[in-house]
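All remarks here apply to the structure that follows.
Read-outs throughout are calculated quantities, based only on the coordinates presented, and are distinct from any laboratory measurement. Nothing here was measured: the structure is a model prediction, and the numbers come from that model. Because the Cβ atoms are built from the backbone with ideal geometry, glycine has one as well, and the counts that use them run over all protein chains shown.
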Ligand SMILES: [Cu+2]
């Protein structure tokens with residue numbers, strides 16, 4: 001029965017296409033979720049780099065790479081505030097920037113440390 005065979009073949013083709021679409025959707029979702037944060041180092045009493053540009057909703061990971069210094073990171077603005085509390089040597093903190101604008105990330109322990117984050 002060729003017509004039944006054709007029907008089965010087209011049903012199978014549709015199933016395969018649906019499965020492929022589902023897999024590519026799952027793949028794109030997991031890629032978006034696992035997007036690595038922009039990393040900034042606290043080293044030599046400085047943020048390195050000290051100027052970055054990200055998109056709204058993205059995360060900046062601040063890592064204290066000074067072996068013997070305590071650091072800190074905070075944002076104080078009318079749009080967005082953040083306070084990490086102390087960051088021990090080797091410690092890290094993730095800061096998510098939910099709104100667009102230009103923000104200064106400062107260290108409460110070393111007043112000369114400044115990171116400028118431009119959020120598109
Ligand atoms: Cu510091």
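If you take just the strands (runs of 3 or more DSSP E) that sit entirely in the range 51-120, which of them hold at least 2 residues that are under 17 Å from the mean Cα position of the chain (by Cα)?
In the range 51-120, the matching strands (runs of 3 or more DSSP E) lie at 51-54, 59-64, 92-96, 101-106, 114-119.
Please pick out the residue among 91, 57 that is more than 15 Å from residue 41 (Cα to Cα) and surrounded by fewer than 18 Cβ atoms within 10 Å (Cβ to Cβ).
When all the criteria are applied, what remains is 57.
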